[in-house]
Amino acid sequence: MTAVLPDYYFRVRENGAFVFKVDTENRQRRIELDQIAVVNIKNGDVKPQGGRELSDEDKAAISDWMEQRRAQLKQRDIDDILRTVDHLNLTTHWAQARASDEDLEQVTDALLLAMHDLRTMLVRKKADRLIKG
């Protein structure tokens, strides 16, 4: 564990985080987490907790975290899609080289429908982009 703790701790949840102020300046020298806000990353809402008013420092820390978190989530989305491309390639090789007729019977319809749906949407989005620019 590092010797210096951050001033804020963000407990990530589905659409944002609970924001805590980290306190080590107490008589017992324990780490205390005082919840100061709840953040919704999707709509940008920041709700102070416990009847408190957030300081400018609190607001700046929360804003910085939200910006970093959005960038992180966006990068994860792209990474997930690129892994899906890899997985599709591996699936193609599996179907060609190792899958039995029974294996293919189990997955073919689901794969064809999912790929058709994806292709249709990608073609439509590509056409929209070409028309715009």
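Structure notes:
- Theoretical ellipticity at 222 nm over the chain - DSSP helices of four or more residues, -39500 (n - 2.57) apiece, nearest 500: -20500 deg cm²/dmol
- Look at the alpha carbon pairs under 8 Å that are at least 6 residues apart: their mean separation over the length of the chain gives a relative contact order of 11 percent.
- In this calculation the C-beta distance from residue 93 to residue 9 is compared with R0 = 35 Å, giving a FRET efficiency of 0.20.
- Listed values [x] 11.7; [y] 15.0; [z] 7.3 include one computed from this model; for mean projected area of the Cα convex hull in nm² that value carries the label [y].
- The distance between label points at residue 112 and residue 22 comes to 5.6 nm (points 7 Å beyond Cα on the Cα→Cβ vector).
- Rounded to the nearest 10 degrees, the inclination of helix 101-132 to the longest alpha-carbon principal axis of the chain is 70 degrees.
- With Cα atoms, 0 to 90° folded angle of helix 56-97 axis to the chain main axis: 20 degrees
- Evaluated over the chain, the count of Lys pairs having alpha-carbon atoms less than 18 Å apart is 5 (only pairs 8 or more residues apart or interchain).
- Take each peptide in 38-47, 86-95, 122-131, count the other Cβ atoms within 10 Å of every residue, and average; sorted highest first, the result is 38-47, 86-95, 122-131.
- Contour excess over end-to-end distance, with Cα ends at residue 100 and residue 129 and 0.36 nm allotted per residue: 6.4 nm
- Protection proxy ranking, highest mean first, for peptides 112-119, 59-66, 16-23: 16-23, 59-66, 112-119, where packing is the per-residue count of other beta-carbon atoms within 10 Å, averaged.
Any read-out appearing in this document is the output of simple, stated calculations on the displayed coordinates, not a laboratory observation. Nothing here was measured: the structure is a model prediction, and the numbers come from that model. So basically every Cβ, Gly included, is an ideal-geometry build from the backbone, and we count neighbours across all protein chains shown.
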